[in-house]
Structures are given as C-alpha cells and as structure tokens.
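Laboratory data are not the source of any read-out in this text; all were calculated from the coordinates shown. Not measured: the values here are computed from a predicted model. Counting neighbours? That spans all protein chains shown, and the Cβs are built from the backbone with ideal geometry, glycine included.
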C-alpha cells in the first residue's frame, strides 16, 4: 500500500512517482503547491497529524 502524501487531494507516494515517470517531473506536486498558494489546502483538517 502506498503512503498518502496529500490528504487534501488524495495523492499517494505512488501517484507522484508515476507522475514523474510519465512527465519527467511531478505535475502533481506543482498542482499541490499552486492550490496551497491559492488557499485551497485543508491539511490541518484532513491530515490525521494536523499538517
């Protein structure tokens, strides 16, 4: 089972690895960073560790 990386958008470690394999970089990580800058991050609410 792949470790959950992003609780806000449901991405796992495997999702990011596959994204890098397909695109040569992680478009997922770019999306997460962009959404976080736009205030769409809810990690404190969704992540069990509060991060």
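Since residue 11 meets every condition but one in (1) over 8 Å from the mean Cα position of the chain (by Cα); (2) surrounded by 10 or more Cβ atoms within 10 Å (Cβ to Cβ), which condition does it not meet?
For residue 11, the exception is condition (1).
Among residues belonging to the range 24-47 that are free of Cβ contacts under 8 Å to residues at least 12 places away in the same chain and under 18 Å from residue 2 (Cβ atoms), point out the one that is surrounded by the fewest Cβ atoms within 10 Å (Cβ to Cβ).
Ranking the qualifying residues of the range 24-47, first place goes to 27.
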